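Only one structure is covered here, and it is reproduced in the block below.
The values are calculated or read from the model by the stated rules, or taken from the named source; none is laboratory data. All figures in this text were calculated on a predicted structure; none of them were measured in a lab. All Cβ positions, glycine included, derive from the backbone under ideal geometry; neighbour counts span all protein chains shown. These accessible areas exclude ligands, DNA and RNA; they are computed on the full protein's heavy atoms, side chains included. Shrake-Rupley method; radii C 1.70, N 1.55, O 1.52, S 1.80 Å.
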Amino acid sequence: MALSPNVYFQTACEGLGHGLEEQIEQFLAVRPDTGLVVIDTLQKVRTGDTNGNAYACDYRDMSALKSLADRHNIGILLVHHQRKDRTDNPFDDISGSVALMGGADTSWVLRRRRMSLNAQLHVTGRDMESRALDLRWEDCRWELEHGETSEELARKAVPACVWTVADFVKRQKCWQGTATELLAAAGIADVQPNQLTRKLVEFYPTDLAPLGIRCESRRTASARQLRLWYDGDDADDDKTGTSPDGGDTPETPSAPSSSSREALRGNKHGLCVATGQPFAAAAAASTGSTPNPHVEVAL
């Protein structure tokens, strides 16, 4: 494979803040048509941090390179290391402080098992849509096999228990009980009740509400009761607020539709699992009054 005549290699250079920027600018003066400078690896051109502040050092180096790129309208690609311990978020794999990613316009993380010909490239940036690209190594280059959009990535990030609850509520139309009882009724295993409520709060505005899944919660003397019902795919105009634990939930959930209210009265899945009574009767018994449809919504 022949190399392009427009590719130049430099095997030695000065460090950042100690002559590297001047070397790059001297080259650009000779070749003003240059569009991309690749530094492999970033750590090779970095100098020691005298004050021991990793974040300050990372921010300083990224700012210097960003300023250089902006002044000359070029791209600077930095090859950098990943941590050995992988996390759920591929961008947390970047070795160093968050200042490295924060100072870059775009971040790419290539994940590949050792000796494997397949890899996944995660891409995110300020002026681009986040993507995950499935790649395969063929003939000394990466070939694209499949790409996922940010919407697809967001959907994959939703835990399976949330989709199970959504499917369960769609089938039953409405349901009332505790988080523990919801886990049993929906057939969800290996999830703790407090984990389920946190996930319902977290993914309500982005994934449950657009599906027409509504939810409310009420604290009784014995436990927190959850009520969930299905009103069809008409939840796009929900107002949202912030719950005490930071999750977004409906500020004023709409009352159940006539079909949902009917299901509450006649469907056993619309009854309070703890008492066997319809939700309205159970709530009235616990509070001594008719329940307000605009109840506390923090799950």
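Residue by residue, the range 13-28 carries 3J(HN,Hα) couplings of 7, 7, x, 4, x, 10, x, 4, 4, 5, 4, 5, 5, 5, 5, 5 Hz when phi is fed to the Karplus relation 6.51 cos²θ - 1.76 cosθ + 1.60 (θ = phi - 60°); x denotes Gly or Pro.
For 231, 93, write out the residues from largest to smallest accessible area, computed with a 1.4 angstrom probe and no ligands counted. All intermediate terms of the calculation are to be shown ahead of the outcome.
Details: 231 30, 93 0 Å².
Final ranking, largest accessible area leading: 231, 93.
Given +1 at the Cβ of Lys and Arg, -1 at the Cβ of Asp and Glu and no other charges, the dipole of the range 42-97 around its Cα centre is 240 debye to the nearest 20.
Among 82, 65, 193, whose Cα projects farthest towards the positive end of the dipole of the range 57-198, with charges put on the beta-carbon of Lys, Arg (+1) and Asp, Glu (-1)? Toward the positive end, the furthest listed residue is 193.
By accessible area of protein heavy atoms, probe 1.4 Å, what ranking do 115, 62, 128 get, highest first?
Numbers: 115 165, 62 15, 128 75 Å².
Solvent-accessible surface, decreasing: 115, 128, 62.
At the residue level, residue 126 shows approximately 130 square angstrom of accessible surface with a 1.4 angstrom probe and all protein chains present.
When the chain is fully extended, how far beyond the present Cα-Cα distance does residue 26 get from residue 73, taking 0.36 nm per residue of separation? All intermediate terms of the calculation are to be shown ahead of the outcome.
Values: separation 47, 0.36 × 47 = 16.92 nm, distance 1.50 nm.
Net length gain for the segment: 15.4 nm.
So if I place +1 on the C-beta of Lys and Arg and -1 on the C-beta of Asp and Glu, and nothing else carries charge, what would the dipole magnitude of the range 28-141 be about its Cα centre? I want it in debye, nearest 20.
Details: 17 positive and 16 negative charges, 66 e Å.
The calculation lands at about 320 debye.
Most tightly packed first, judged by the mean number of other beta-carbon atoms within 10 Å of their residues, the peptides 100-108, 14-22 read 100-108, 14-22. State whether the range 1-147 is rounded, prolate or oblate according to the following rule on the C-alpha gyration tensor (a ≥ b ≥ c being the square roots of its eigenvalues): a/c under 1.5 gives rounded; otherwise a/b larger than b/c gives prolate, and the remaining case gives oblate. The shape class here is oblate. Residues 134, 92, 33, sorted by accessible area with the largest first, give 33, 92, 134 [1.4 Å probe; ligands and nucleic acids excluded]. Residues whose amide H comes within less than 5 Å of that of residue 37, counting only those at least five positions distant or on another chain, are 75, 76, 77 (H built at 1.01 Å from N in the peptide plane). Charge dipole of the range 89-233 (Cα centre as origin; +1 on each Lys and Arg Cβ, -1 on each Asp and Glu Cβ, all else neutral): 740 debye, rounded to the nearest 20.
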